[in-house]
Structure formats: C-alpha cells, structure tokens
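Here's the structure, in structure tokens; my notes come after.
The values are calculated or read from the model by the stated rules, or taken from the named source; none is laboratory data. Being a predicted model, the structure only gives us computed values, none of them experimental. We place every Cβ from the backbone using ideal geometry, glycine too, and count neighbours over all the protein chains shown. Ligands, DNA and RNA are excluded from the accessible area calculation, which covers all protein heavy atoms including side chains. Shrake-Rupley method; radii C 1.70, N 1.55, O 1.52, S 1.80 Å.
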Amino acid sequence: MSDNQHLEHMEHDRGTWGSNFGFLMAAVGSAVGLGNIWGFPYKMGSKGGFAFLIIYLLLVIFVGVVVMLGELTIGRKTGKGAVGAYAALSKKYKWVGYLGILSAFTLLAFYNVLGGLVMRYMFGFLLQIMGVDGFSGAGMGFFGYILYDYSGMIFFHVLFIVCNVVIVMGGIQGGIEKFCTVAMPALFFMLLFVIIYVAFQPGAGEGYKFMLTPNFEPLSSFGGFIDVLKTAAGQMFFSLSLGMGAIISYGSYLDKKEDLQKNSLIIPACDTLIAVMAACAILPACAAFNMEYAQGPGLLFNTMQNVFLSMGSFGNFVGFMFYFLVFIAAVTSSISLFEAIVTWRLDVGIEKKQKVSRTKIMSIAAVCAFIVGIPVALDALGAADAVVKAPYLLLGMTPEQLAAGQVPMAIDCWLDFFDVISEGIFMPLGALIMAVLIGWKWKTRNLIVPECEISGHKFWGYTFFDICFKFITPIGMILVLGGQIYDFFIKALIA
Ligand code: PHE
C-alpha cells in the first residue's frame, strides 16, 4: 500500500494488517473456532464418521479453497467489506453483501451463547481448582443443569460479548492481530496435549476405528448421500468462515504484496487440521467413557466433562486449560463475525465522508447480537418446559411430534433454527452466487488472475479454480440447497 493510501486509511480509522503472518493468524483465528471443536466432532459423530470425513475433505478442496480465494480477492481488490465490495464490482449485486450481514447476525445469535457456555465451564474448573464446587453439585450432569440456569446463561452470554467488544474496539493491528498472533499457536499446542492424554485412556482405540475405518454405508442411497453432503457443506462454510463476508472484510485490510493464492490454501489446511485434531480428542474420549457418538450439540460438553472429572484434581487443571483454549478459539472467530458488520458500517461512513467510530459501531452491533441471542440462551435447547418456547412449539407442533421425527431440524430449537438458516441456507447461497458471478460474469481471468498477480506471484491454479467457480461449486451448492429444502418441507412430512 502506498503512503498516500495508507494515510487515507488511517484518517478514516480503517486500518491494515501489520504483517502477512498477523493476517494469517487472524484469518486462521476466524476459521478455527467452535465450528472445529464443538461442531465438527458432533457432526462427524452423528453423520457416519469416516464417510462424513471423506465428503468433508472433498468439499474443502473443491469448494472451500475456491470460495476462500474468491472472497480474499474480492475483499482486497475493492478494499471494502462484503456490502461495499459487491456494490463496487456491480451495483446490482449489493444485496449479496447484505445477505452476508444477515448471516453474521444469525451466526452471532447462537455463537455468543455457545461462547458463554464455554466460559461457564472454564470458570467452573477454575473454581474447582480453588477448592469450590464449580458445577453447582451437578458434576457430570452439568450440561443439563446449566441450560435451565437462565440467569447464568444470560450472564455468560453477555460476558462473552463484552470480551468481543474489547478486542474489536482495539482495531485491526492493535486488537485483532495482536490477540490472534499469540492465541492461535497456543491453541495448537494445548490441543495436542489433550489428544495425547486421551490417547492413553483405555478404550480410546474404538474412537479412532470409528473415525478411520472405511465405511461408505451412510452414502449408499442418494438420500443418505445428500444428507451427509448438506451437513458436511454447512459445517465446511461455518468452519472456514465462508459465504458471508468475514473473509472479504479480512481481505480488505490485506496488503497488495501478499500472495492470495497461497493464503487461500494455508487457511483451509490449518482449519481442517484443527477440526480433525479436535475429533481425535473428543471421539476417542467418547469411546473411552462409553458415551454415544451421535448425541448432538451436547457432545463436546458432556464428553469432556467425563474426561476431566474422572481425572481427579489434576482434571480440574486440564479442564480449565482445555476450556480456556476453546474460549480463545471461539473469541478469535466471533470477533471476525462482528468485524464483518463493523467493516460494513465503517465503509458506509467513509463513503459518506462522515466521522466514523469503530467503538460506537461495535457497541451497537454488540447490543443487537445480544438481543437476537436471547431465545437461544433461554429455550434449554428446545425443551418443552423452558421459559422461552422453541420454534416448533410456537408453531403449534407438539413434543410427541418431535419424538416421532416429524419436526424438521430447523425448528426443533432456536440454536438449530439459527444454525440451519445460516450455515444451511445463507452461506451456501452466498457461495453459490459468488461462484457464478466470478465464473460467468466477472470471469476468473479478469477478476482473480490480475488481482492475485499484483503481488508478483504467478497464478498457477487457473484451470482448477476456473472449473470450480464455473461448475463444481455451483453444482455442489445446488445439491446442498435442494437437500435443505427437501429436509424442511418434505422429509418431516413423510415421517
Ligand atoms: N469459523 C468459525 C468457527 O469455526 C465461525 C465463523 C463463521 C466465523 C463465519 C466467522 C464467520 O467457529
């Protein structure tokens, strides 16, 4: 970036990354989060283990890497967040950027609540270390207990959001980059430690078998294949922070001399490594403690509680470290969700030549995110007796219908509702539109190649990326969205 441009950015309080390593740590920080540690193991556990892993890896290569490159390029070329970037490339498609902002809020609605839960466990173990019962007498059943502790749910929801506000207010270099550069490597080593510990538990071997023994049974019917595909695809977008503009925003702060193509490989590779590592910690632990792989969103919390509490007082220490690590992963992700919103409003202010304040924008975004998260925090994951009623109850369906499998997953609780509309619909839709626009309208040759080659690095992946933008990503996404519609409107009705 030239000095002039740099000055202009500073003047408008926009900012840039200090180094490519710093950017990478922030982007990897955005990608690695609850999606990897909470989401990946439970989805792999409930959707066929090995078969899920293979489909997931194929999706990362043929869709994830490609959409990552598309978003980084669009962000850096225009120097704007999602809304400004689409508007700059073609006024007609500004709404695609707004779709990203909508996704950011739907993701934040449940992300902050989960982040709060992680903090609650972290404090629980901290109290245990100090000799106080940190789990209110509920021990291994703590997950069931905390869901009904409404004031606790709200308190930690707010606390997690406050952590985000503090970091994002610090700006790009001083806040986000500084935090991630220390936090991400620390996370890697702490996870390694937990994996090694779990590996020595008797019975853990079964978990590796479940993950690694080739088994394509779940893919043997078309319906089964689509079911695994749509879950893996949603998980992939969620985990790589793609399809909603967070990566466009991060790309917009990136220096012209950096190699986009290389970055678009490194980020998915690191993210996938951490997801597989998390599965290598949690699924074997599940096997060692005789627990269900397919227990859904509670898997992380329930399984690890068994692991740590069975370790005696040393377990309190390991439990604290573990949740501290998950907290770091979560917060480096949620700040990028907030940043997608903050960048949008900063760009609007800059365009209108108004004085813009990062702090004020972030505070307003935080309050909005808190409000949309309230039903997720208070519906006890859809329990009929919770203070806030789950969507299916509000729609007049009954718990009996839920038990009979007649309630679509999208409405069985508020967490799933926000999860399905964001990672199941908005993000694949965002990726579909972007891939079609790049592949067919703006053209890989005219948009991607020149922007990537500005840095002086040769763009060697033309054929691969072009075929993916034009065909593979769009076809994949149409199957995913079709599967989603089938699930919502048809499957539940047949059941
Ligand atoms: N990738 C993050 C995770 O795995 C979540 C996220 C999604 C962050 C979208 C930013 C944008 O936890």
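I'm trying to understand the selection: among the residues of the stretch 427-453, which are in a helix (DSSP H, G or I) and either open to solvent by 40 Å² or more (accessible area, probe 1.4 Å) or modelled with pLDDT under 95 (or both)?
To start, the set of residues in the stretch 427-453 that are in a helix (DSSP H, G or I) comprises 427-442, 444-453.
Residues satisfying the conditions are LEU429, VAL436, TRP440, LYS441, ARG445, ASN446, PRO450, GLU453.
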### Query
What is the number of the single condition among (1) modelled with pLDDT of 95 or more; (2) away from the ligand (no atom under 16 Å from the Cβ); (3) among the aliphatic types (A, V, I, L, M) that LEU7 does not meet?
(1)
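If only one of THR78, THR73 is in contact with a Gly (Cβ under 8 Å, 6 or more places away or on another chain) and open to solvent by 10 Å² or more (accessible area, probe 1.4 Å), which one is it?
Details: THR73 fails: open to solvent by 10 Å² or more (accessible area, probe 1.4 Å).
Result: THR78 is the single residue among THR78, THR73 that is in contact with a Gly (Cβ under 8 Å, 6 or more places away or on another chain) and open to solvent by 10 Å² or more (accessible area, probe 1.4 Å).
Quick check on my filter: what residues within the stretch 37-51 are out of contact with any Phe, Trp or Tyr (no Cβ under 9 Å at 6 or more places or on another chain) and part of a helix (DSSP H, G or I)? Let's see the steps before the verdict.
Start the filter on the stretch 37-51 by keeping residues that are out of contact with any Phe, Trp or Tyr (no Cβ under 9 Å at 6 or more places or on another chain), which leaves 37, 47.
Once the filter is applied, which keeps residues that are out of contact with any Phe, Trp or Tyr (no Cβ under 9 Å at 6 or more places or on another chain) and part of a helix (DSSP H, G or I), the stretch 37-51 yields only ILE37.
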### Task
Restricting attention to the stretch 332-351, report how many residues are in contact with a helix residue (DSSP H, G or I) (Cβ under 7 Å, 6 or more places away or on another chain) and more than 10 Å from the ligand (Cβ to nearest atom).
7
### Task
Tell me, please, whether a residue that is within 17 Å of PHE488 (Cβ to Cβ), touching a residue at least 24 places away in the same chain (Cβ under 8 Å) and within 16 Å of the ligand (Cβ to nearest atom) can be found in the stretch 376-390.
no
### Message
Whether any residue in the stretch 92-106 is away from the ligand (no atom under 15 Å from the Cβ) and more than 22 Å from ILE421 (Cα to Cα) is what I want to check.
### Response
yes
### Task
Considering only the stretch 206-252, state which residues are over 24 Å from the mean Cα position of the chain (by Cα) and closer than 13 Å to TYR56 by Cβ.
PRO218, LEU219
### Summary
Looking across the stretch 235-258 at residues that are among the aromatic types (Phe, Trp, Tyr), assigned to a helix (DSSP H, G or I) and open to solvent by less than 10 Å² (accessible area, probe 1.4 Å), the single one that is nearest to the ligand (Cβ to nearest atom) is PHE237
### Message
Could you go through the stretch 477-493 and let me know if any residue there is of a type in the set (Ser, Thr, Tyr), assigned to a helix (DSSP H, G or I) and closer than 30 Å to PRO297 by Cα.
### Response
yes
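Condition check ((1) among the aliphatic types (A, V, I, L, M); (2) surrounded by fewer than 24 Cβ atoms within 10 Å (Cβ to Cβ)) across all residues:
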position	(1), (2)
ASN112	no, no
MET119	yes, yes
ASP133	no, yes
GLY139	no, yes
GLY144	no, yes
ASP149	no, yes
LEU159	yes, yes
VAL166	yes, yes
GLY175	no, yes
### Members of the stretch 15-44 that are open to solvent by less than 10 Å² (accessible area, probe 1.4 Å) and either at pLDDT below 80 or away from the ligand (no atom under 16 Å from the Cβ) (or both)
GLY22
#### Entry: Test for ILE341: is it closer than 29 Å to VAL96 by Cα, in contact (Cβ under 8 Å) with a residue 60 or more places away in the chain and assigned to a helix (DSSP H, G or I)
yes
#### Entry: Members of the stretch 185-234 that are out of contact with any Asp or Glu (no Cβ under 6 Å at 6 or more places or on another chain) and within 16 Å of the ligand (Cβ to nearest atom)
LEU187, PHE188, LEU191, THR231, ALA232, ALA233
### Candidates ALA294, ALA329, ALA269, filtered to the one that is of a type outside the set (Phe, Trp, Tyr), within 16 Å of the ligand (Cβ to nearest atom) and open to solvent by 40 Å² or more (accessible area, probe 1.4 Å)
ALA269
### Query
Of these, PHE200, PHE237, which one is in contact with a helix residue (DSSP H, G or I) (Cβ under 6 Å, 6 or more places away or on another chain), modelled with pLDDT of 90 or more and not basic (Lys, Arg)?
PHE237
### Query
Only one of PHE160, PHE110, PHE125 is under 13 Å from ALA366 (Cβ atoms) and among the aromatic types (Phe, Trp, Tyr); which?
PHE160
### Task
Would you mind finding the one in MET277, MET311 that is in a loop (DSSP other than H, G, I, E, B) and open to solvent by 10 Å² or more (accessible area, probe 1.4 Å)?
MET311
